[in-house]
Every structure is written in C-alpha cells, then in structure tokens.
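The values are calculated or read from the model by the stated rules, or taken from the named source; none is laboratory data. All values reported here derive from a predicted model rather than from experimental measurement. We place every Cβ from the backbone using ideal geometry, glycine too, and count neighbours over all the protein chains shown.
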Amino acid sequence: MNENKETIPTLDFVAALKLSTSRVAQFDGRARRSEYWWTMLVVWIAGFVLTPVVGFVLSVLTIPLVFRRLHDIGKSGWWWGAGAMLKAGLVMSVIYDIAAMSISTASHDFGGYGVGLVFAVITKYVVWNLLIVAYELLMLFFMCKDGDPYENEYGGSPKYVMDDGGDDSGM
C-alpha cells in the first residue's frame with residue numbers, strides 16, 4: 001500500500017473562527033494549530049480589551065478546543081485536567097493559608113513559628129508556581145506541535161488527506 005499525504009492549506013482567520021465556534025461544545029475529534037491559535041488570539045485580545053471576566057468566560061469556552069488540539073497530537077484531554085488540578089491545588093492552598101493566618105492573627109497565637117512559618121509558606125508558593133510554569137511550557141510545546149499526519153485514536157487528521165497512490169490493482 002503506497003500512501004501519500006497531501007496537506008490541506010492552513011485555515012485563515014475567518015475559517016478558523018467559524019470552525020471553532022461551530023464546535024464550541026465538542027470535546028471529541030481533532031483541531032488544527034491554526035484553529036487553536038486564531039481562536040486563542042481573539043480570546044486573549046477580548047480579555048485584554050474588554051474585561052478579565054469576558055476573557056475568563058471565553059477561556060472556559062475554549063476548553064473543548066484545547067482537548068481537540070491535544071487529540072490532534074495523540075494526547076488525552078486529561079493533560080488539560082492536570083493543569084486544572086494544579087491550579088485548583090494552588091487556590092485551595094492560598095485559601096487554607098489565609099484562613100490559618102487569620103485565625104492565628106485573631107488569637108495572637110503564632111505557635112512560636114514566626115519567620116520560619118513565613119519562609120515555609122513562601123517556599124510552598126514558589127514550588128507551586130514553578131510547577132504551574134513547567135506545565136504551561138509543556139502545554140505551549142503541545143499546542144505548537146504539528147498534529148499526527150495519520151488517523152489516531154481520536155479521528156482522522158484535519159490537516160492531511162491520505163492518497164493511496166492510485167493503486168487499485170488489489171495486489
């Protein structure tokens with residue numbers, strides 16, 4: 001079997017936005033880099049120009065697009081979930097520390113920790129943030145990576161069309 005792959009041209013701005021908005025709730029399938037990056041550009045600009053709330057809402061709406069982009073390179077959507085868990089862990093840690101410090105401050109009982117406690121809390125947040133930065137860099141690499149040229153477990157390639165080489169002899 002002599003298969004050749006033919007590349008479909010990159011999606012332009014309008015085509016990418018039409019495609020991503022038509023599949024806003026679709027977690028299955030695959031998404032090309034052009035669909036992902038044009039859509040994210042609009043989300044980032046809207047979040048900057050309008051308000052952070054609009055940016056947040058639009059970012060939530062792009063979660064299925066991130067899943068499809070991960071699927072295009074053969075990765076599970078759980079890669080997005082790992083980042084969500086990291087960020088949720090950081091938020092829970094902040095809430096816990098604020099509550100604990102509020103209680104300690106109200107009772108004037110610092111348990112004799114003083115500077116050591118402050119150093120431990122700061123170190124914890126440095127580690128959390130380093131983990132999140134490492135995750136975001138990995139995701140940036142994934143989002144920039146060319147998709148699998150052949151069909152993978154998530155579907156056919158949105159970029160490449162397979163040609164069997166015209167060999168219809170059945171041999």
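Worth pointing out:
- Under the condition of being in a helix (DSSP H, G or I) and either among the β-branched types (Val, Ile, Thr) or under 18 Å from Trp80 (Cα atoms) (or both), the residues counted in the range 13-43 number 11.
- Filtered residue count, the range 149-169, keeping only those that are over 28 Å from the mean Cα position of the chain (by Cα) and at pLDDT 70 or above: 1
- Number of positions in the range 21-33 that are in contact with a Lys or Arg (Cβ under 9 Å, 6 or more places away or on another chain) and among the small types (Gly, Ala, Ser): 2
- Test: residue in the range 70-80 that is in contact (Cβ under 8 Å) with a residue 12 or more places away in the chain, assigned to a helix (DSSP H, G or I) and among the small types (Gly, Ala, Ser): no
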